[in-house]
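Values in this text are rule-based calculations from the coordinates and carry no lab data. None of the values given here were measured: they were computed from a predicted structure. In this analysis, Cβ positions are derived from the backbone assuming ideal geometry, glycine residues included, and neighbour counts consider all displayed protein chains.
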Amino acid sequence: MNKVKGLLKKDLLGLRDISCEEINLALDTASSMKEVFFRPVPKVPALLGKSICLLFYEPSTRTRTSFEAAAKMLSASITNVAIAQSSAQKGETLIDTVKNLEVMGHQAFVIRHKMSGAPLLASKNLTASVINAGDGFNEHPTQGLLDIFTMREKKGNLKGKKIVIVGDIAHSRVARSNIWGLIKLGAKVSVVGPPTLIPKDIEKMGVKVNNNIDEELEDADFINVLRIQLERMGKGLLPSLEEYHMIYGINAKRLEKCKKDIVIMHPGPINRGVEISSEVADGPYNVILDQVQNGVAVRMAVLFLLLGGRQNAAE
Ligand code: CP
């Protein structure tokens, strides 16, 4: 029985900051929210009268759109700020931007930013809730929650399950949110990738590091394949994308030695032929579009718990 009634803070900045009970509450709430999808009219009045502001300083397809869909299904109103046409281009600071938007009546901000810590900075200057939609190399907590939700949906309780995260761990906020969340739930996590893309001391987060992918995949329950983030990398970290695919890419041949019920995940967007081959990305073991659909349910849950459910947190 989950004793937590709501997320205990006003913000969701990362899975590092929240408890195992809060993670389970978000996942359980997302299960209820997913039922709304299959109703003839997929809309509930839970956040009627609430206003949510989306501030994306970096590109996004999935996260931005699914927050928008989630807010609409909960009957909240949405302001989508077009950063390229905003006064950020005239030098306005993040703090000035969010303070101005808060006094216009927004109760929550969903922020993506290339600087790690930008959502935290905004949250310290706002009474409104802040949800981190991805900050630099730091965290992407709703991606972490939707990945964990999808794993739980496919294989139940994650205690003792083995998740192998493959790829560019160094530049990945998705890897960090997965690791913080999965370790709290008792899963076993291994990270695999070229030594240049594995952060020093990552073992301190509770994960195993191995540069030999085939050794790690043998007994894996899930493979979470990360995008090679060329836009964040300095030069010289990879010899070539072809060589990366040969050594670390997830392709049909590599899957032959895996468990028969292996589940392949990818947060998107995919570099086909680099970290994953098309036959695997479109094949029977992948749950990539399930992740995307579950993202809406998870974001409904987070918005509801922060904006509609927090009054219950202290009960
Ligand atoms: N997974 C993810 O964050 O995708 P977007 O960059 O499209 O939002």
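Straightening the chain between Thr93 and Lys10 buys 27.6 nm, computed as 0.36 nm per residue apart minus the Cα-Cα spacing. Which net charge results for the neighbourhood of Leu55, defined as the other residues with beta-carbon distances under 13 angstrom from its beta-carbon, given Lys and Arg at +1 and Asp and Glu at -1? Counting the neighbours of Leu55, the net charge comes to -2.
Taken over the C-alpha atoms, the chain has Rg and Dmax values of 19.3, 57 angstrom. If you run the Gaussian network model on the chain, springs between alpha carbon atoms under 10 Å, then out of Leu48, Leu25, Leu146 the most flexible one is Leu48. Helical content of the chain, expressed as a calculated mean residue ellipticity at 222 nm, amounts to -10500 deg cm²/dmol (DSSP H runs of 4 or more residues, -39,500 (n - 2.57) each, divided by residue number, nearest 500).
If R0 is 30 Å, what FRET efficiency do you get for Leu237 and Thr127 from their C-beta distance, rounded to 0.05?
Details: r = 41 Å, r/R0 = 1.38.
Calculated value: 0.15.
Can you tell me the alpha carbon radius of gyration of the stretch 141-292 divided by the globular rule-of-thumb value 2.2 N^0.38 Å?
Details: Rg = 14.0 Å, N = 152, 2.2 N^0.38 = 14.8 Å.
My calculation over the Cα atoms of the stretch 141-292 gives 0.94.
With a cut-off of 18 Å on the backbone N, the residues of the stretch 278-304 near the modelled label site 7 Å out from Asn80 along Cα-Cβ are 293, 295-297, 299-300. Here the residues Arg272, Arg254, ranked from fewest to most Cβ neighbours within 10 Å of their Cβ, fall in the order Arg272, Arg254.
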